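To start, the structure itself, in C-alpha cells.
Read-outs: derived from the displayed coordinates by stated rules, not from any lab. Remember, predicted model here, so these are calculated numbers, not experimental data. Please note: Cβ atoms are built from the backbone with ideal geometry, for glycine as well, and neighbour counts cover all protein chains shown.
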Amino acid sequence: MKKIVLTASLLAMSFGMAHADPIADRQALMKDMGRAVGSVAKIAKGEQPFDAAAVKAAFATMAADAKKLDADTLFPDGTQTGGDTEASPKIWEDRPGFKTLIAKYQTDTAAAVAEDPQDLAAFQAQFRTVTANCGSCHQNYRVKK
C-alpha cells in the first residue's frame, strides 16, 4: 500500500513539473515582489507613518522571493519569445551580467532583513538600496510593452 501511495505521489509531482511554465512562474514572482515594494512605498515616501512590522514583512517577502529568483530556472533558453513576456533578449545575450544583478538583489534583500530597520531613516536607506536593484534590472533586462 505504501508503495502505491508513494508511486502515485511521485507521478503527480513529475506531472506538475513537466508542465511548469517559466514565464508564468517568473511573472508571478515579479508581481509578488512588486506587491511587497508597493506595500511600503508610501512609508518610504513619508506619506504614511513608519510601521516596523510592515517594513519587516515586506523585506522578508522580497528576500524570500529573491532566493527563488534563479536565472536558469525562470529564464531558460526558449522563453525569450512566446507568451506575454517583458523579458529583454539581453537576459540571454548577457547571462553573466543578469546573474550578477540577481545576486546583488539577493544580497541586498538579505541585508535589509538582517538590519531590521526600526526607524524611517534606516528603512529609507535600505529601501533605496533594494529598489535600486529593481530599477537596474528593469532598465537593462526588461522591455516595457
Per-residue HN-Hα couplings for segment 27-44, Karplus 6.51 cos²θ - 1.76 cosθ + 1.60 at θ = phi - 60°, whole Hz, x for Gly and Pro? 5, 5, 5, 5, 5, 5, 5, x, 5, 5, 4, x, 5, 10, 4, 5, 5, 4
What is the fewest-to-most order of Arg95, Arg128, Arg26 by other Cβ atoms lying within 10 Å of their Cβ? Arg128, Arg95, Arg26
Could you go through segment 49-54 in sequence order and give the Karplus-derived ³J(HN,Hα) for each residue, using 6.51 cos²θ - 1.76 cosθ + 1.60 with θ = phi - 60°, rounded to whole Hz, and x for Gly and Pro? x, 4, 9, 4, 5, 5
With springs connecting C-alpha atoms under 10 Å apart, model the chain as a Gaussian network and identify which of Ala122, Ala87, Ala103 has the largest mean-square fluctuation. Ala122
Let me have the 222 nm mean residue ellipticity of the chain computed from DSSP H runs of 4+ only, each contributing -39500 (n - 2.57), with the sum over all residues rounded to the nearest 500. -24500 deg cm²/dmol
The simple spin-label model distance between Lys45 and Thr73, using points 7 Å out along Cα→Cβ, in nm, is 3.4
Quick one: how many lysine pairs in segment 21-141 have C-alpha atoms under 19 angstrom apart, if they're 8 or more apart or on different chains? 14
Residues Val37, Val113, Val143, Val55 arranged by fewest to most Cβ contacts within 10 Å: Val143, Val37, Val113, Val55
If you put +1 on each Lys and Arg Cβ and -1 on each Asp and Glu Cβ, how big is the dipole of the chain around its Cα centre, in Debye rounded to 20? 180
Name the residues whose placed amide hydrogens come within less than 5 Å of the amide hydrogen of Arg142, ignoring near sequence neighbours (fewer than 5 apart) on the same chain. Ser88
